[in-house]
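Below: one structure, written as structure tokens.
The values are calculated or read from the model by the stated rules, or taken from the named source; none is laboratory data. Since we're looking at a predicted model, the values are computed, not measured. Every residue, glycine among them, receives a Cβ derived from its backbone with ideal geometry; neighbour counts consider all protein chains shown. What goes into the accessible areas is simple: the full protein's heavy atoms, side chains included, and nothing from ligands, DNA or RNA. Shrake-Rupley method; radii C 1.70, N 1.55, O 1.52, S 1.80 Å.
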Amino acid sequence: MLQVKNISAYYGDAQALENVSLAVSESGVVALLGPNAAGKSTTLRVISGILPAASGSVTFNGEDITTASPQERVELGLVHVPEGRKLFGTLSVEDNLLLGGYCGRKDRKTGSRLERVYERFPKLKERRNQDAGLLSGGEQQMVAVGRGLMAQPKVLMIDEMSLGLAPLIVKQMFSLVQEIALEGVCVLIVEQHVQNALAVSHHGFIIESGVTRVAGTAQELMESALVRESYLGH
Amino acid sequence: ASSSSSDSIKIGAFFPVSGSLALLGEESWRGVQIATDLRNAAGGVADKSIEMVFADVPDVNAATSEARRLASDSDINLAVGSYSSGLSLAASEVFARGGSTFVELGAVSEAITDRDYENVFRFNPAAGSFTKLQMRFITEHLAEELGKPVSELNVILAHEDSAYGQSVAENAVIDAAEAGLVNFSLEPYNAKSTDLSSTVLRLKAKAPDIVIAVSYAADAILLGRQIRDNGLQLGAFIGTGGGHSLKGFHDALGEAADGVYDVDFTQIHVNEEFTPGITEFTAAYEERYDSLPASGHALANFTGANLLFDILEETNGSDDPEEFRQAAQNFKLEIGTTSSGWGFSLNENNQNELADVYVMQWNGDQLETVWPEQAAIRAPLPATPFGV
Amino acid sequence: MNLLVQTLVAGLLLGGVYALIAVGLNLIFGVVKIINFAHGELVMIAMYATFWMWTAWSLSPYISIFIITPLMFGFGVLLQRFILQPMQNSSPTIKIFVTLGLSVLLQNLALVLFGGQYRSTTFPWAEQNFSVLGVTATYGRITAFLVAIALVIALFYLMKKTLTGKVLRALAEDRETAGLIGIPVKKYYLVAMGLGTAMAAIAGVLIGPFQSVFPLAGAHFTLLAFVVVVLGGLGNMAGSLIGGLFLGAVETLAGTYIDPALQQVAVFAVFIIVLLVRPQGIFGGSARNAEVGLK
Amino acid sequence: MKKKSLIWTLGLVAAAGLVPVFTSDQYILHVCVMILIYVGVTVAWNILAFGGILSLGHAAFFGIGSYTVAILYVKMDVNPWLGILAAMVTAALGSLLLAVPLLRLRGPFFALATLAFAESLRLIAIYAVPLTNGSVGITTPPTQGFALISFSSREPYYYIVLAMALIAIGISIWIYYSKMGYHLRASASDDEAVRALGVRTPRLKLAALVISAALTGAFGAFAAMYLFVIDPETNFSTPLYSIQPALNGIIGGMGTVAGPIVGAIVMTPLGEWLRTTFSGTTQGLNFVIYGVALIIIVRVMPGGIVSGMKKLYRRFRPENRSDGTAPDASGPIQPEQELANSEGGRS
Amino acid sequence: MTNATILKVEGVSKRFGGVQAVSDVSLTLQHGEIVGLIGANGAGKTSFFNLISGMHYPDAGSVAFAGGDITRLDPASRARRGIGRTFQVVRPFTGMTVAENVMVPLLVNDSSVRRARLRAMELLDELSIADLAKKPAEGLTLAQRKRVEVARALATGPKLLLLDEVLAGLNSREVIDVLPFIKKVRDRGVSILMIEHLVSAVMEVSDRMMVLDRGSVLVHGLPADVVSDPRVIAAYLGEED
Ligand SMILES: Nc1ncnc2c1ncn2[C@@H]1O[C@H](COP(=O)(O)OP(=O)(O)OP(=O)(O)O)[C@@H](O)[C@H]1O
Ligand SMILES: Nc1ncnc2c1ncn2[C@@H]1O[C@H](COP(=O)(O)OP(=O)(O)OP(=O)(O)O)[C@@H](O)[C@H]1O
Ligand SMILES: CC(C)C[C@H](N)C(=O)O
Ligand SMILES: [Mg+2]
Ligand SMILES: [Mg+2]
């Protein structure tokens, strides 16, 4: 459904991506792995359109969206939950969620989508009127994912999903991701918890120094020497 | 040493035509241009044509800078200007210190000629002329009309606090005391105020018989409107040139402006026998700019420029500072012989003692000269200023 | 006593004008994150428009406002689209200087086009006096005051309750993320700048009947409007209203009871003192809020 | 790099020193003097900018400096050289009035406070007639002599202000490369983090403010002697001495060492040239062009001329392009730096 | 307070508006000890750090460091006395290179820029980011920035180091590389208080662990005891599946 072919990208004069390719299918969890500075976040930025690709192409459902604006991509169902949550701190939790549904606001189903997010994160319902900036890290991550869900994604990309979250929450997040995937969404996660990530995904990609090194099923990756050596440390 | 080329005399001209002084700066410069063109058309000065080298001086820094630029041109030993006292002080200082001549044609601050510079002249009336005439008008005319002895008249001078207002106010204090106005006080306000409620309320609290105002354009209008809106009743209101001479003042206040007195440089509605040459000036102005002069500044500068040309005629076209000073000191004209009605005679400070201002009164959209008699086209009429 | 009341009334009416100018600035400052030093010039343009429509076509300001406001909205949109938007990624300081350039440009363009003359819209109804118990005010000023209040309430509602308002607030906080979640950022910046400019226009039209217009007519208001915005709290429309009224009162009270020549000094002194006591402005949220909001 | 920049600097200084040898045109020298005054004030302004502090109120210090020397000289007969020193002291003391706002307000809020501060001083200078002569201002006496900093030709003024500007530049370079510079730059980026590392930023910023104000005061004092007319409208002028130095700094490259110098050298003659070229045509046209030019310059080179030039330079030397390292930070020219590290300036 | 006690926090509390972020927390840290601080998101860990480092002042309670009371001292003075910290949300100095970032604290006690530069390089080398020295700090990835953050904190020459989630964003392999470094720092005599969600990692290096829950101390003890405590499992770790 989403296909990224041979992209490269720069920050100013510095090259961050050299040759990254990946493809994800209709639903399920896909893990994007790699050491620090490999270019994982950058890849997501290129896919969501906030950083232009210097070369290569991004296609979504067969449509070439390499030069589309971030809004157009969100409308198509390509949604990015950025690293560091990036909530609107002075807006209430509910307003943050509502804004996540901005692109779909015309279908008048925003209300029911909101209810579903609250069902999934009852804690957020409790805090609906509180400024998002005052939540703890875990709660903020929930709002961030909830905000992403409000856009009715077909592909949901979550950067550093479990960063800074308590183990309990991390577990919740992983099962949440699986649940979301079951509803026919493809979830692309960038994770440092490699083992956990591969455990919930069916596919994985490994990027190193801006180049896709390995692609395969989660099983294959788990068993590959490279992964065991450089990510799991055993 | 005069080095002007044989067929033309180069004269520096400093006026603010941009920035906050642009309006009357431009008017003043127009007066000089008309005088120059008319004189050149009539054969120039001592068979030389006059070439004005213009410099826009929106602020004091620009004035200093431009004065230095023109003064460093070896062909320029003489300059005119400048409408605004602050600019004049700066530009003339540069010229005077460089040993060249500066002739002020429009700024009124006494400080300009009080510095004892040999080569700084002023041909137009200074602030003291304004206040002396105001006090005379009050004691000789208004006191009687308002039916109060001079010593009982409550007179307030409201002035903006730039160099112009400050200079007039300082003179007024002295002249009021001399005139026996014991009940005289000052109300300064900031020239850039966008609201003068406080000033008007203070005036109201003091219940004056007469208010004298020293204002630029926007504040003149504002003060008038707020006096009207607050229903401040006055026996008489006397402007001091500046904003109160502007057509815009009457446009903004309409009938409410009728009856307001104004002491200023000669305006076009004046006894034309007293001001020979004024009709030519008015015609030339209208032809060039398609409107009547916005205030008396164009005429004052026109008159001053002509005086300058007359003096240059005496030096046979030489702009050598020493020769010029001699000629200027010796040059005399009777009152009533120039287009502004002024005469010419320099005092020891190089101030033209025979330049004067007149009392005018708004009537319809005309500012008519009403006092003293020799310049007047009609007698002053009693009126309720600002329609209250 | 009457003097005090009259002074206060004059001050509040003046404050209404400040508030009117400040709300537009608040929107631009708060959302587009631009210190718009040309804000006064936007007011000035509207004043000229009012004057010309009145002089040329005898259009009352209270009618021409419905023409000028949308036109100025468009002007704001154009400014944003062609001048400010290309600068959006630059540092705030750089943007300040673009607006300064704009202010110099507009002031002098007015001078080139209209000369330095002082022009007044003399609409008789606005000049009539309304008087209660010896306290007087003109209809023009009262109208400006009432519209200021109405406008602030409308804007307050817009920002708090409508989606547009929420989007604007989100933009104010983090424009990159707003773009990321699918909000057409540029479009909303156009809206914000357009709205801010329209507010300035409304202010310009309404003060037309009692304030003369000339090229520098707006310049004076810019700093004052900033003072109001900062005092009232960034992004806080009600704060701007109250801040404006407060400053208007301070100005006239200081003028009447201390010295008119020092009334601006009093305003600035109060400004600095208030900031020291409450850096987030009188009505800014908690310190934490302000920090999040201003990132 | 270090050596190269040293040679460059010496070359420039030598060239500057030689200007009067090549021209005796008093107007050109005058423009050069004005350029150097602006170099001085901009460099002083920029010391605060190292710390990410945007002042739009340097006219306050400039004016205090001007008035100090003028009042001391004209009213109390104090030698103007001493007056310049006194001006530095009064300007520094005056800057302490901004101490509390400096420590409590951030970004644009401090900038607005400084703007209001300078405006207040201007109004007070108008009001305090017995001390300042109000709007009429003070004119220094024409008596000439080196001891009185008053000359008939521009050359001596030029050398004096050149020396002052070099001292100011020297101080600014010294600060930039010393402990204080590092701490200021770090504080520009994140004041709280730098405090957590042991830097006493209140003291640091205050020191920067006081140094900046004192230097500005010195140039204000020199300008008073040079322009001999001192009045509130000019010497406390917001456009001339608050906005213009900031503009020079930003156009040159804020917070860099070379930026303000380049900015002042480019902007001062530009304004002069526009005025002289277009005056006498349509009134105000020169400022229209100035405004347009300003917008264009800032738009084309948002990081300032210095970094704009560096970018150009790098473009023409492709081998330098993608090695991924930052430009050498030890040279006098720094990569572009932004005042506030985020949108709109944080409060 | 014994000689070996470096930090003694007694009964500190802090409230933000309606949230009691920290309530009545006490902790004593011995010289050369590593204490791990864990707890759910929003439990008040970072706030507790802020009370120690002086970013916030406690509403109640006291903080003593190296024998002196520092409850009311400003952050800079605390840093000078030997409290170094990192920020959970990393804060590199933008507009400065990585090396210059590290030079900033070094220049607090030493005015020689040259010496500071050399020392900064040593520190960067120790954290294996020497190759980034000349890079502008804003262009780094999160993990790289965390290392810069640690280098900067170490450069203050701390007696007590407060590490707020410095392992976050590292994968297991990288974590394994970093842990010995933390021990090495401790072996030089620096006491360490670290917040971390990666329980296995904290357990490995910590001498003791403390768990915060909604502002208060839930459990405090040896790592093995702490992680097997049912309250901790319920509130923080979750059931093993
Ligand atoms: N805003 C930026 N400006 C300049 N360079 C950047 C920027 N963001 C990232 N980089 C550089 O791009 C490269 C790839 O970074 P990216 O953030 O994509 O890595 P990552 O794989 O997400 O790493 P991490 O796991 O640490 O988040 C790195 O070398 C980084 O230094
Ligand atoms: N400056 C502040 N103003 C208001 N509330 C605050 C402030 N700082 C923290 N809080 C609140 O205090 C509580 C504790 O926050 P803290 O950051 O200490 O949690 P934490 O344990 O570090 O969580 P995490 O693991 O997510 O980082 C949270 O509810 C948070 O929203
Ligand atoms: C309005 C004018 C009368 C001002 C006057 N020319 C001055 O000296 O500044
Ligand atoms: Mg990343
Ligand atoms: Mg935390």
GluC sites (Glu not before Pro) in the range A:1-94 lying in a DSSP loop, each with at most 13 other Cβ atoms within 10 Å of its Cβ, come to A:GLU26
Heavy-atom accessible surface buried between C and A, both sides counted, 1.4 angstrom probe, nearest 100 Å², is 2000 Å²
Excluding ligands, DNA and RNA, the carbon-plus-sulfur percentage of the accessible area of the range A:86-152 with a 1.4 Å probe reads 45 percent
Quick calc, the range A:86-152, dipole around Cα centre from Cβ unit charges on Lys, Arg (+) and Asp, Glu (-), nearest 20 debye, gives 280 debye
Residues of the range D:229-260 that bury at least 20 Å² of accessible area, probe 1.4 Å, when all protein chains are present rather than the chain alone, are D:VAL229, D:GLU233, D:THR234, D:LEU240, D:ILE243, D:LEU247, D:ILE250
Note on the range C:177-192: residues buried by at least 50 Å² of accessible area once partner chains are added (vs chain on its own, 1.4 Å probe) come out as C:THR177, C:LEU180, C:ILE181, C:GLY182
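Which value, in Å³ per residue, describes the convex hull spanned by the Cα atoms of the range B:30-151?
In the range B:30-151, the Cα hull volume divided by residue count equals 155 Å³.
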To the nearest 20 debye, the protein assembly as shown has a Cα-centred charge dipole, built from +1 on Lys and Arg Cβ and -1 on Asp and Glu Cβ, of 6480 debye
Ordering A:102-108, B:207-213, D:88-94 by per-residue average of other C-beta atoms within 10 angstrom, highest first, gives B:207-213, D:88-94, A:102-108
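Local charge sum around B:ASP73 (other residues, Cβ-Cβ under 13 Å, Lys/Arg +1, Asp/Glu -1)?
-2
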Rounded to two decimals, the Rg over Rh value of chain A from Cα coordinates and the Kirkwood Rh reads 0.96
For the range A:38-128, the per residue accessible area (1.4 Å probe, Å²) is 41 Å²
Across D:THR276, D:THR216, D:THR238, the residue with the highest GNM fluctuation in chain D (Cα network, 10 Å cutoff) is D:THR276
On the accessible surface of chain C, probed at 1.4 Å with all protein chains in place, carbon and sulfur together account for a percent value of 73 percent
Log entry, pair D-E: total buried accessible area, probe 1.4 Å, protein chains only, in Å² rounded to 100, is 2400 Å²
Descending accessible area (1.4 Å probe), largest on the left, turns E:VAL226, C:VAL77 into C:VAL77, E:VAL226
For the D:LEU270, A:ALA215 Cβ pair and Förster radius 56 Å, calculated FRET efficiency rounded to 0.05 is 0.45
Accessible-area loss of at least 30 Å² (1.4 Å probe, chain alone to full protein assembly) applies in the range D:184-203 to D:ARG185, D:ALA186, D:SER189, D:ASP190, D:GLU192, D:ALA193, D:ARG195, D:ALA196, D:LEU197, D:GLY198, D:ARG200
For chain B, the dipole about the Cα centre with charges only on Cβ (Lys and Arg +1, Asp and Glu -1), to the nearest 20 debye, works out at 840 debye
Averaged over residues of B:83-90, the number of beta carbons from other chains lying within 10 Å of each residue's Cβ is 4
Chain D accessible area per residue, 1.4 Å probe, protein heavy atoms, integer Å², reads 35 Å²
Buried accessible surface, C vs D, both sides, probe 1.4 Å, in Å² to 100, equals 4200 Å²
For the range D:22-316, the percent of accessible surface on carbon and sulfur atoms (probe 1.4 angstrom, ligands and nucleic acids excluded) is 73 percent
Partner shielding of A:98-110, as the mean number of partner chain Cβ atoms within 10 Å, equals 3
Rounded to whole angstroms and listed largest first, the alpha-carbon spread of chain C along its three principal axes comes to 59, 46, 33
Evaluated at 25 °C and 0.890 mPa s, the Stokes-Einstein D of the range A:86-152 based on the Kirkwood radius over Cα pairs, in µm²/s, stands at 216 µm²/s
Expected integer from the mean partner chain Cβ neighbour count at 10 Å over E:101-109 is 6
Projected convex hull area of the protein assembly as shown, Cα atoms, direction-averaged, in nm², equals 56.4 nm²
Computed over chain C, protein heavy atoms only, probe 1.4 angstrom, the accessible area per residue in square angstrom equals 31 Å²
Given B:217-225, A:197-205, the highest-first ranking by average Cβ count within 10 Å works out to B:217-225, A:197-205
Put B:GLU323, A:GLU229, A:GLU139 in order of accessible area, largest first, probe 1.4 Å, and you get A:GLU229, B:GLU323, A:GLU139
Over chain D, the quotient of the Cα radius of gyration and 2.2 N^0.38 Å is 0.99
In cubic angstrom per residue, the convex hull of the range B:222-273 built on its Cα atoms measures 87 Å³
